[in-house]
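What follows is a set of notes on a single structure, which appears directly below.
The values are calculated or read from the model by the stated rules, or taken from the named source; none is laboratory data. Being a predicted model, the structure only gives us computed values, none of them experimental. Heads up, the Cβs are rebuilt from the backbone with ideal geometry, glycines too, and the neighbour counts pull from every protein chain shown. Each accessible area value is taken on the protein alone, full model and side chains, heavy atoms only, with ligands, DNA and RNA left out. Shrake-Rupley method; radii C 1.70, N 1.55, O 1.52, S 1.80 Å.
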Amino acid sequence: MVEIAGIKMKNPVMAASGTFGFGEEYSELMDLNKLGALVTKSVTLKPREGNPPPRITETPAGMLNSIGLQNEGLKVFLEKHLPYLSKFEVPVIVNVAGETIEEYAEVCKALSREPKVKGVELNISCPNVQRGGMSFGVDPALTEEIVKKVRPCARMPVIVKLTPNVTDITVIAKAAVNAGADALSLINTVLGMAIDVKTKKPKLKTITGGLSGPAIRPIAVRMVWQVAQAVKIPIIGIGGIVTAEDALEFFLAGASAVQVGTANFVDCEAALKIIEGLKAYNLSDKMAP
Ligand code: RRO
């Protein structure tokens, strides 16, 4: 048993937001209850259609996405997805996104009435939308403002998910901590772009997208290490984790837990294999000087 910012989990390995939907598809292929926690796809106040296709393309050791926050909105989450997830014992952390601070606050207030929701992850780092999303997470003053205003609206621990698309992530991390964040998760995807040289067109309709997968792991490990030197609250490491050894890098860099994302698309049991593999290691070890 581990406890991250007050959220009790069987182990420190979670399914990352956006790669696991609301658990429905995966529940037929693997045992959700073995996960430390499940972080949902982003939920916004109103439904969103997302960006036009193509919105996913493979890249060396990773992929680019530009989903654009597609989701059915808070009402459908509460009426359909949360009741389904409630059949399982896995702790549910809801990733919350929006265009305005008020939208984040309203979603968090509604989620606070739901005992199944054990935590919220504030997505201030989505790279693929015009308004909201990453525009909060690249500015320390806006990060502080949104966390300060949303924190009191949530009964449960608030995790703030950080973007790597900044010059100094420790400045944003400290702003989130000052405003009352209970934990930080990092990193969201790295802004990228790919061009089809035959058609001479960008591979994504939105031209740019978020890069994930093993290609970004060294960036993520570096940022977790930097943030771990700068703040005292728990850090959840995310970025290209495929094996137990990959996860271990994040623990050694200072993370207390990890999330597995893109690897789920390759092997739906990736997180479960990582949980098994980590049993051979002492996770409280830190990097040797
Ligand atoms: O939906 C997306 O396009 C998306 C989101 Br909300 C996010 O946080 N990170 C990402 O890579 N894509």
Query raised in the report: Quick one: is Ala175 under 19 Å from Ala255 (Cα atoms), assigned to a helix (DSSP H, G or I) and at pLDDT 95 or above?
Result: yes
Considering residues that are crowded, with 21+ Cβ neighbours inside 10 Å and touching a His at 6+ places or on another chain (Cβ under 9 Å), the number found within the range 1-22 is 1
Inside the range 200-226, the number of residues satisfying the requirement of being over 29 Å from Ala255 (Cα atoms) and not hydroxyl-bearing (Ser, Thr, Tyr) is 7
Checked the range 95-123 for anything among the charged types (D, E, K, R) and in a loop (DSSP other than H, G, I, E, B); matches are Glu99, Arg113, Glu114, Lys116
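Okay, residues lined up against (1) more than 13 Å from the chain's Cα centre (by Cα); (2) within 15 Å of the ligand (Cβ to nearest atom); (3) at pLDDT 95 or above:
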{"residue": "Ala110", "(1), (2), (3)": "yes, no, yes"}
{"residue": "Lys116", "(1), (2), (3)": "yes, no, yes"}
{"residue": "Gly119", "(1), (2), (3)": "no, no, yes"}
{"residue": "Ile124", "(1), (2), (3)": "no, yes, yes"}
{"residue": "Gly133", "(1), (2), (3)": "no, yes, no"}
{"residue": "Arg151", "(1), (2), (3)": "yes, no, yes"}
* To do: Answer with yes or no whether Ser112 is touching a residue at least 24 places away in the same chain (Cβ under 8 Å), under 15 Å from Ile159 (Cα atoms), open to solvent by 10 Å² or more (accessible area, probe 1.4 Å) and hydroxyl-bearing (Ser, Thr, Tyr).
  => yes
In the range 60-75, residues that are in contact (Cβ under 8 Å) with a residue 60 or more places away in the chain and either surrounded by fewer than 19 Cβ atoms within 10 Å (Cβ to Cβ) or more than 9 Å from the ligand (Cβ to nearest atom) (or both) total 4
By my count, strands (runs of 3 or more DSSP E) wholly in the range 35-91 with at least 2 residues that are over 18 Å from the mean Cα position of the chain (by Cα) are 56-59
Reported set for the range 223-244 where residues are in a helix (DSSP H, G or I) and more than 22 Å from Gly18 (Cβ to Cβ) is Trp225, Gln226, Ala228, Gln229, Ala230, Ala244
Exactly one of Thr40, Thr57 is crowded, with 22+ Cβ neighbours inside 10 Å, among the hydroxyl-bearing types (Ser, Thr, Tyr) and within 13 Å of the ligand (Cβ to nearest atom), and that residue is Thr40
Residues of the range 249-263 being crowded, with 24+ Cβ neighbours inside 10 Å and of a type in the set (S, T, N, Q), in sequence order, are Gln259, Thr262
Flagged in the range 76-100 as out of contact with any Gly (no Cβ under 9 Å at 6 or more places or on another chain), of a type in the set (A, V, I, L, M) and either under 18 Å from Gly180 (Cα atoms) or within 16 Å of the ligand (Cβ to nearest atom) (or both), in numbering order, are Val96
Tell me, yes or no, whether the range 199-214 has at least one residue that is away from the ligand (no atom under 16 Å from the Cβ), at positive phi and outside any strand (DSSP E or B).
-> yes
Subset of the range 165-184, residues touching a residue at least 60 places away in the same chain (Cβ under 8 Å) and surrounded by 24 or more Cβ atoms within 10 Å (Cβ to Cβ), comes to Ala183
Ala247: passes all of (1) assigned to a loop (DSSP other than H, G, I, E, B); (2) at pLDDT 95 or above but (1)
Within the range 17-37, residues under 14 Å from Asp267 (Cα atoms) and within 14 Å of the ligand (Cβ to nearest atom) come out as Thr19, Phe20
